[in-house]
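This report refers to the structure that appears directly beneath it.
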Amino acid sequence: MTNDVFISYSREDGNTAEAIEHYLQTIGLICYRDVNNIPGSAKWIEEITEAIETCHAVVVILSDKSAASAHVDRELSVAVEEKKLFVPILLSEKVRLSRTMRFVLTGHQRIGIGSSVEASLPSIGDAVLRAVDRSKYRTAYDNAANVSAEGNYAKEISFAEDRCGLYVGDSDSGTSSIEGEAYVMSAKPQEYLGFGISAVPKLAEFVLEARIRKLAGPDDHWFGLEFGDRYPGNYYQFLLSGNGSVRLSKHHDRKWQDLASNAGLRHVKPGDVENLFKVVRRKAAIHVFVNGLHALSVRDSDVREGSMGLVVGQGIRAAFANVRIKGLSLAILYEKAMEHWQRFEAVEARQILRVIQEYDPAYVHPNWGPNVIELLAEVRWDYRSTVLVVVGHGATPMLNDGMPAALLKSEIDRRGDPEKSQFACIVTDANIYEDPRLEQFAIISVGGPIGNKITESLTKVLPWDSRSTSSVSLQHDIGGWNRRIALWGLYVVHTAQAVDLFIGSELLGRFLELIWPNEGHDSR
């Protein structure tokens, strides 16, 4: 049988353990506390191990007696192996913990009991509830942490200073106003009232949190948060009611559908009181938390991107405060990808575009640009892996050196991979000087210093390869991790010979290993 809580303690602290167990049971938790078996027996070992394996959290009662107990140390060791969450209860500040206890419980906040166990029970119960909830719904909590860590947009709304695009005034469905730090919505008895937070961009993932207080209205009517697009009308609603229920509904293709509901949650406060309401969207998963604990989860991805909003049902008056939003904006991601491409960082740009593609394969930025599929199909430069083959910009050097440059480009392309931006492009020396961004690329300059200014500059700094002759020049410093090569000759035919020699020797392979490390390219 699965237990919510395993209580690890010394028999000498049995009265304290019993009081904690009884309180945890009154708040709805199933506990395991060994009181009958003989410690060390085969039956005891098997039962204790199974109880730890199947629990969600371990309550450890820390005292001088438990610190000296080898059995408690073993229980903690098993719990660590099973990756259980701990709630340490410290009976006295003077307790000298065992080495196992110090190692296992480092970083865990300990709850001190002091002189009164009874006075500490509510705080113990709250801590255990949260640990059990985090274990039961680990994915939901992890999703919330991931969105918070990876989101690229954050907003904390103080309604006393910023309406954040919300409407204030009278409408056919009711009224809305700013009252202190809260945004208050009052719907007419037969009307629903909802407004979007228009100052916030559309998000694909988000953590949306607000303190919501029901001020008036029927207990069986709903109020809460909204996500999606009111036009054409595809959106989710995350709702509370005065009778303590939670509901997740969807309006899609002109139809309403209840996706999930929960009416049996102890941590949802009924009546005209405040609840801390949090909604998490991570890919296709949607999670709802109330007062810090999980309320419900569903998987649904019909609405992939949308705006935030607030909504109240018929005759409901409710106040919304402390609204916090952390989320992932596809538009901001798209713009970031474009910035990477402007810097010739194709790897990072593609990574971002693939993230966008997970949410919307045909995503188009609202203001400009092609869709994600078209962008991912493009072959783009990356300064770390794309090779620039440089020829002189005049008609004569381009004509004379263009053929060997094209041959070199073809051989580099054959050994590379366009998906990784491993290919060559032919540019002119003028292009390099006109665009400073190109100077960070690997460069192979083809043609003599008279017609090619890049070759002219490289001849002054690069050593000659031993295979050079009086008419054929190969200059490089590959062994010194220099990403520059100069291939040229006294006449056109000699430049072509320099290129042939570079391709036919191991030099091209060594150069490509320098800029495409660990790719296993043929050195011939």
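The values are calculated or read from the model by the stated rules, or taken from the named source; none is laboratory data. Values in this document were obtained by computation on a predicted structure and should not be read as measured data. When we count neighbours, we look across all protein chains shown, and the Cβ atoms used for this are built from the backbone with ideal geometry, even at glycine.
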Here is a list: 233, 242. Which entry is out of contact with any helix residue (DSSP H, G or I) (no Cβ under 6 Å at 6 or more places or on another chain) and either farther than 21 Å from residue 291 by Cβ or among the hydroxyl-bearing types (Ser, Thr, Tyr) (or both)?
233
Filter the range 295-306 down to the residues that are modelled with pLDDT of 95 or more and surrounded by fewer than 22 Cβ atoms within 10 Å (Cβ to Cβ) and list them by number.
296, 297, 298, 299, 300
I'm checking my understanding of the structure. Among residues of the range 207-240 that are hydroxyl-bearing (Ser, Thr, Tyr) and at pLDDT 95 or above, which one is farthest from residue 278 (Cα to Cα)?
235
Residue, surrounded by the most Cβ atoms within 10 Å (Cβ to Cβ), within the range 433-449, restricted to residues that are small (Gly, Ala, Ser) and on the phi < 0 side of the Ramachandran plot
445
Sort out which residues of the range 340-362 are touching an Asp or Glu at 6+ places or on another chain (Cβ under 8 Å) and crowded, with 18+ Cβ neighbours inside 10 Å, and write them in order of number.
340, 344, 345, 346, 359
Return yes when residue 178 is among the aliphatic types (A, V, I, L, M), more than 30 Å from residue 28 (Cα to Cα) and free of Cβ contacts under 8 Å to residues at least 60 places away in the same chain and no when it is not.
yes
Could you identify the single residue in 458, 487 that is touching a Leu at 6+ places or on another chain (Cβ under 7 Å) and either within 21 Å of residue 394 (Cα to Cα) or without any contact (Cβ under 8 Å) to a residue 24 or more places away in the chain (or both)?
487
Screening 106, 139, 175 for residues that are farther than 30 Å from residue 311 by Cβ and either in the same structural domain as residue 27 (by TED's automatic domain parsing) or modelled with pLDDT of 95 or more (or both) leaves only 106
Candidates 430, 498, 424 - the one that is surrounded by fewer than 19 Cβ atoms within 10 Å (Cβ to Cβ) and at pLDDT 95 or above:
430
Determine if the range 256-278 includes at least one residue that is of a type in the set (Lys, Arg), assigned by TED's automatic domain parsing to the domain that holds residue 149, in contact (Cβ under 8 Å) with a residue 60 or more places away in the chain and touching a helix residue (DSSP H, G or I) at 6+ places or on another chain (Cβ under 8 Å).
yes
Please determine whether any residue of the range 61-69 is touching a helix residue (DSSP H, G or I) at 6+ places or on another chain (Cβ under 6 Å) and closer than 20 Å to residue 29 by Cα.
yes
Contact list please: Cβ distance under 8 Å, first residue in the range 494-518 and in a loop (DSSP other than H, G, I, E, B), second residue buried (at least 18 other Cβ atoms within 10 Å of the Cβ) and hydroxyl-bearing (Ser, Thr, Tyr), pairs at least six apart or on different chains.
516/385
Meets criteria (surrounded by 20 or more Cβ atoms within 10 Å (Cβ to Cβ) and not assigned by TED's automatic domain parsing to the domain that holds residue 155) for residue 337
yes
Wholly within the range 392-489, helices (runs of 4 or more DSSP H) carrying at least 1 residues that are within 30 Å of residue 376 (Cα to Cα) and not polar (S, T, N, Q):
395-415, 429-434
Working carefully through the options 93, 50, find the one that is exposed (fewer than 15 other Cβ atoms within 10 Å of the Cβ) and not in a helix (DSSP H, G or I).
93
Residues that are in contact with a Gly (Cβ under 6 Å, 6 or more places away or on another chain) and of a type in the set (Val, Ile, Thr), drawn from the range 229-277:
268
Top-ranked residue in the range 381-421 [being exposed (fewer than 15 other Cβ atoms within 10 Å of the Cβ) and of a type in the set (D, E, K, R); ranked as modelled with the highest pLDDT]:
414
Considering only residues that are polar (S, T, N, Q) and surrounded by fewer than 17 Cβ atoms within 10 Å (Cβ to Cβ), look in the range 179-213 and name the one that is farthest from residue 165 (Cα to Cα).
190
